[in-house]
1. Relative to the longest principal axis of the C-alpha atoms of the chain, give the angle of the C-alpha long axis of helix 57-78, reported between 0 and 90° and rounded to the nearest 10°.
2. With the convex hull built on the Cα atoms of the chain, state its orientation-averaged projected area in nm².
3. What are the GluC sites (Glu not before Pro) within region 7-115 that DSSP puts in a loop, where the Cβ has at most 16 other Cβ atoms within 10 Å?
4. Could you state how much accessible area H48 has, in square angstrom rounded to the nearest 10, with a 1.4 Å probe and all protein chains kept in place?
5. Just the accessible area per residue of the chain, please: how many Å² with a 1.4 Å probe?
6. Need the full-extension length gain, E121 to D5, defined as separation in residues times 0.36 nm minus the C-alpha distance. One decimal, nm.
7. Could you tell me which trypsin sites (Lys or Arg not before Pro) in region 45-136 are loop residues by DSSP with no more than 14 other beta carbons within 10 angstrom of their beta carbon?
8. Quick one: which residues, 5+ away or cross-chain, put their amide H under 5 Å from the amide H of N89? H built at 1.01 Å from N.
Amino acid sequence: MKKEDCIFCKIANGEIPSKTLYEDEDFRVILDLGPATKGHALILPKEHAANIYEITDSQAAKVMVVAKKMAALITEKLQCDGFNLVQNNGETAGQTVNHFHLHLIPRYQNDGQKILWKPGEASQEELEEVKRQITE
Ligand code: 5GP
Ligand code: ZN
């Protein structure tokens, strides 16, 4: 299913042109228009799903295989020093386009980007309580 007013549906299905790095039956991988670093790419499923809560098990399984292939290719071709995979869900988490996408972000020494979080602190009791909330 495609969603009528979804820009990533249109890009994924070739209705809007993009800098495509890879395409198969299920996904299109494109360069991000506002790259965090050189080679920043997005994996877009061709079937619309808004986010991680909506993707099918099949999409979820396949997307990591594509990510693995693309990370290896981009690393080889652009000689980056590391790689971040980022996937935002919901406005609070920084999602701006409501069509599932996985960011592939090559990292270079001294690239000036900050993609990691600031570690917090939690006691053993607090961790235990969170574990209980999630698992019980
Ligand atoms: P989000 O913030 O939702 O995780 O990521 C959306 C990403 O899509 C951003 O990095 C943004 O630069 C990129 N983006 C938004 N619109 C377009 C577009 O029309 N074409 C391409 N190639 N990237 C886009
Ligand atoms: Zn869509």
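1. Once rounded, the angle reads 70 degrees.
2. With every direction weighted equally, the projected area is 10.4 nm².
3. For GluC sites (Glu not before Pro) across region 7-115 that sit outside H, G, I, E and B with at most 16 neighbouring Cβ atoms in 10 Å, the list reads E15, E25, E54.
4. Accessible area of H48: about 40 Å².
5. With the other protein chains kept in place, the chain gives 69 Å² per residue.
6. The span from E121 to D5 would gain 37.5 nm if fully extended.
7. Those that pass, being in a loop and sparsely packed, are K114.
8. Q95
The values are calculated or read from the model by the stated rules, or taken from the named source; none is laboratory data. The model shown is predicted, which means the values in this text are computed figures rather than measured ones. Reconstructed Cβ throughout: ideal geometry from the backbone, glycine too, with neighbour counts over all protein chains shown. Accessible surface areas use protein heavy atoms only, side chains included; no ligands, DNA or RNA. Shrake-Rupley method; radii C 1.70, N 1.55, O 1.52, S 1.80 Å.
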